[in-house]
Amino acid sequence: MIADIFGNLGMGLSVAITPINLLFLFIGAFVGMIVGLFPGFGPAAGIAILLPLTFGLDPTTAIIMLAGIYYGAMYGGTITSILINTPGESATVASTLDGYPLAQQGRAGPALVMQAIASFVGGTTGVILICALIPTLANLAASFGPSEYFLIILFGLLLLATVMGDNKINGIISALIGFAVGMVGVDVISGSQRFTFGSPELIGGIYFVPVAIGLFGIGELLYCIYIGQHKIELKKLRLSFRSENFWPTRKDYSESKFTFIRGSVIGFIAGLLPGSGGTLGSIMGYSIEKKVAKDPEKFGKGEMRGLVAPECANNAASAGSMVPLLSLGIPGSGSTAVLLGAFMMWGLRPGPMMIVNDPEFVWGLIASMYLGNIVLIFLCIAAIPLFVKFLDIPYRLVIPIIVVLCVVGTYALHSSIIETWMLVAGGLLGFGMKLYGYSPAATVLALVLGGMAENTLLQSLIASDGSLMVFVERPISLFLTCAVAVVLLAPYALKLYRYVTKRNVGLV
């Protein structure tokens, strides 16, 4: 098995190291870091906005570039977390807890270097574990039927709703909006039109790209304007390689040696769970590191381990979320949902059959992630002074550039005014969702997965003559049904446990 993995990686490297693929890998990694610098944005927004610009590229080259944006944004998002206490995206929120205090202590240089190293270790560990798991999961998924695929999709969406925060209802409503938008078009069974309102442009359904660009791109911009992000004058910062305190000390490395391992493994496991992604991974990494530390009182006050743990975790999680995408064809986060849409745009269907039928593409993408992490650690450290200066650019100058990219990119898809209006509608919807605590990521996930969920559900019921026993007849489907039930009932069981415990304490 190990020989097969090395053989596949060798084949993948032969694909990834072609000059054109290396060029676009570098472009994607660099753009991802730039995207991560914009507070509120993230990899999903960057991929959605730049997706139309990849038209005309070879599918392998385009996906390598988009994947570079995905994990590159994880590197860049922490720079603002450390320097100005503003996370570039949700997966880097935990990095502010000790990253910003380190900067206030005059240790911004060591913090930025250590986050680059931690990101490299987490990302590379994640890719190594991908190589080990992908073949096994692909073989397992080859035995899946429509019922198993439907249950996995349902499990992922329910899990996403439960990790949304305190308001689970908002998470469920966000997913239902995505399902509703995905129903527009033609019914797969009867062939009749649904919710097209007589428009021939809607017969083929609502294309996910304009909606994703609107939700993540325009919506985020409107929200940033609403909260006054464009008016904030950032403190001028300067960092130089010649500074005495630019590099981490030997003590920083020594104290964090086991943190690198713990954070990477925890993050990768979190990334495997559909719907969790880097946000949950980074929070889990930070929390567990604080619990196992002999001196937890140092955390939150500028402790290097408190920065290394979430950085390893969120980058390992970004790699981990590629496992369900590539082996099952199911995205594990909003970013991988946009990536799945990109796959479909080029006629690629991730899953066990793609791994069997197109191994050069799959292993070429995995090999590019190794190379991407190598590029990113050098790029991230070398460009720290440049990125610090980049933060000096007024946000109000960046906004119109992004708007033009969104509009031109959307119209260039199919030269459709209808899709441009969809972009506007998606932007307004995304702004409202952001403002009132709903999840654009859940909406995009449901939109991308809605058609797949409907098809697999109908196929399962048709094959079983309408019997729901199809979801418990086979061992795998029975296990997945139990997993769905646990996700649904766990909150109520927890409430009952707390109630009983509280009552028993009161009686005593």
| field | Amide hydrogen neighbours beyond the local backbone of ARG194, cut-off 5 Å, H modeled | value | GLY185, VAL186, ASP187
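Of the cross-linked pairs LYS290/LYS434; LYS301/LYS434; LYS251/LYS301; LYS257/LYS294, which ones have a Cα-Cα span greater than 20 Å in the structure shown?
Numbers: LYS290/LYS434 31 Å; LYS301/LYS434 30 Å; LYS251/LYS301 17 Å; LYS257/LYS294 15 Å.
Check vs 20 Å cut-off fails for LYS290/LYS434; LYS301/LYS434.
Report the gain in length on full extension from MET344 to VAL408: 0.36 nm times residue separation, minus Cα-Cα distance, nm rounded to one decimal. Mind showing how you got there, number by number?
Working: separation 64, 0.36 × 64 = 23.04 nm, distance 2.14 nm.
Computed gain between MET344 and VAL408 is 20.9 nm.
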| task | Heads up, I need the accessible area for TYR226: 1.4 angstrom probe, whole protein in place, Å², nearest 10. | result | 140 Å²
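Return the FRET efficiency for the residue pair GLN104, LEU458: r is the Cβ-Cβ distance, R0 is 51 Å, and the value is rounded to the nearest 0.05. Write down the numbers at each step before the final one.
On the way: r = 57 Å, r/R0 = 1.12.
Calculated transfer efficiency: 0.35.
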| message | Per 0.36 nm of contour for each residue apart, how much would the distance between MET183 and ASP358 grow if the chain were fully extended, relative to their Cα-Cα spacing? | response | 60.0 nm
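Taking K and R as +1 and D and E as -1, what net charge do the other residues with C-beta under 14 Å from the C-beta of ILE213 add up to? Can you show the working numbers first?
Values: positive: none; negative: GLU220, GLU419.
Charge balance in the 14 Å sphere: -2.
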| query | Accessible area, 1.4 Å probe, largest first: how do ASP58, ASP98, ASP295 sort? | reply | ASP58, ASP295, ASP98
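Based on the Cβ-Cβ distance of SER14 and LEU53, what FRET efficiency does E = 1/(1 + (r/R0)^6) give at R0 = 25 Å, to the nearest 0.05?
So, using R0 = 25 Å, E works out to roughly 0.40.
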| field | Rounded to the nearest 10 Å², the accessible area of GLU360 at probe 1.4 Å | value | 100 Å²
| message | As a test question: what accessible area, to the nearest 10 Å², does ARG396 have when a 1.4 Å probe is rolled over all protein chains in place? | response | 130 Å²
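Order TRP247, TRP421, TRP346, TRP363 by their accessible area, 1.4 angstrom probe, all chains in place, largest first. Don't jump to the answer; show the numbers that get you there.
Values: TRP247 120, TRP421 170, TRP346 55, TRP363 5 Å².
I get TRP421, TRP247, TRP346, TRP363, largest accessible area first.
Does segment 413-494 classify as rounded, prolate or oblate by the C-alpha gyration tensor (a ≥ b ≥ c root eigenvalues; a/c under 1.5 gives rounded; else a/b over b/c gives prolate, otherwise oblate)?
On the way: a/c = 4.33, a/b = 1.62, b/c = 2.68.
Because a/c hits 1.5 or more and a/b fails to exceed b/c, segment 413-494 counts as oblate.
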| field | Label-point separation in nm, ILE401 to LYS298, each point 7 Å along Cα→Cβ | value | 4.0 nm
| said: Taking 0.36 nm per residue of sequence separation and subtracting the Cα-Cα distance, how much length would be gained by fully extending the chain between ILE288 and LEU494, in nm to one decimal? | reply: 72.0 nm
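Note down the net charge around LEU154, summing +1 for each Lys or Arg and -1 for each Asp or Glu among other residues with Cβ under 14 Å from its Cβ.
Details: positive: none; negative: GLU148, GLU454.
Net charge in that neighbourhood comes out at -2.
The values are calculated or read from the model by the stated rules, or taken from the named source; none is laboratory data. What you see is a predicted model; the values in this text were computed from it and never measured. FYI the Cβ positions are ideal-geometry reconstructions off the backbone, even for glycines, and counts take in every protein chain you see. Accessible surface areas use protein heavy atoms only, side chains included; no ligands, DNA or RNA. Shrake-Rupley method; radii C 1.70, N 1.55, O 1.52, S 1.80 Å.
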